[in-house]
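Q: Before anything else, here's the structure in question.
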Amino acid sequence: ATEQHKHRRKYNPRASCSTAFQRYTGAIMVGRTRLTTIVCLSPAPQNGLENLSSLKWGHGMAKLRAPNITEKPVDVEKAHKEAAEYARKMAKEFESSAQNRFWLG
């Protein structure tokens with residue numbers, strides 16, 4: 001995904017994203033969700049290897065760049081009216097179509 005963003009190409013998560021974690025990660029790559037990472041380190045000397053692994057992981061996460069997409073607020077009433085008008089228009093178009101003769105509803 002980072003390579004996609006470097007080349008200004010949109011990242012499209014695979015269709016097989018079935019788990020919640022994969023959908024969340026895909027949303028991060030697309031820019032719909034933000035990810036904050038906190039790396040905790042231990043002052044104890046026996047945890048040095050774990051601290052090193054945590055720092056390497058945090059450094060790798062810091063390289064991950066995804067776009068920040070800010071969406072404009074939508075007026076719910078206006079959106080509802082537009083959707084209802086579109087539905088009426090499509091229903092009228094469906095009723096007048098030649099394929100409607102097979103509809104038994």
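Please treat every number below as a calculation from the coordinates, not as lab data. All values reported here derive from a predicted model rather than from experimental measurement. Every residue, glycine among them, receives a Cβ derived from its backbone with ideal geometry; neighbour counts consider all protein chains shown.
Q: Among the lysines, which fall within straight-line cross-link reach of residue 6, defined as a Cα-Cα distance under 20 Å, with same-chain neighbours fewer than 8 residues apart omitted?
A: By straight Cα distance, residue 6 reaches 63.
Q: With a sphere of radius 14 Å drawn around the Cβ of residue 79, what net charge do the other residues whose Cβ falls strictly inside it have (Lys, Arg +1; Asp, Glu -1)?
A: -2
Q: If each residue of separation counts as 0.36 nm, what is the full-extension length gain between residue 77 and residue 63 once their alpha-carbon separation is subtracted?
A: Length gained, residue 77 through residue 63: 0.9 nm.
Q: Give me the net charge of residue 24's neighbourhood, meaning all other residues with Cβ under 12 Å from the Cβ of residue 24; Lys, Arg count +1, Asp, Glu -1.
A: Around residue 24, the charge tally is +3.
Q: Now for a separate question. Between residue 22 and residue 4, what is the label-point separation in nm under the 7 Å Cα-to-beta-carbon projection?
A: The two pseudo-label positions are separated by 1.4 nm.
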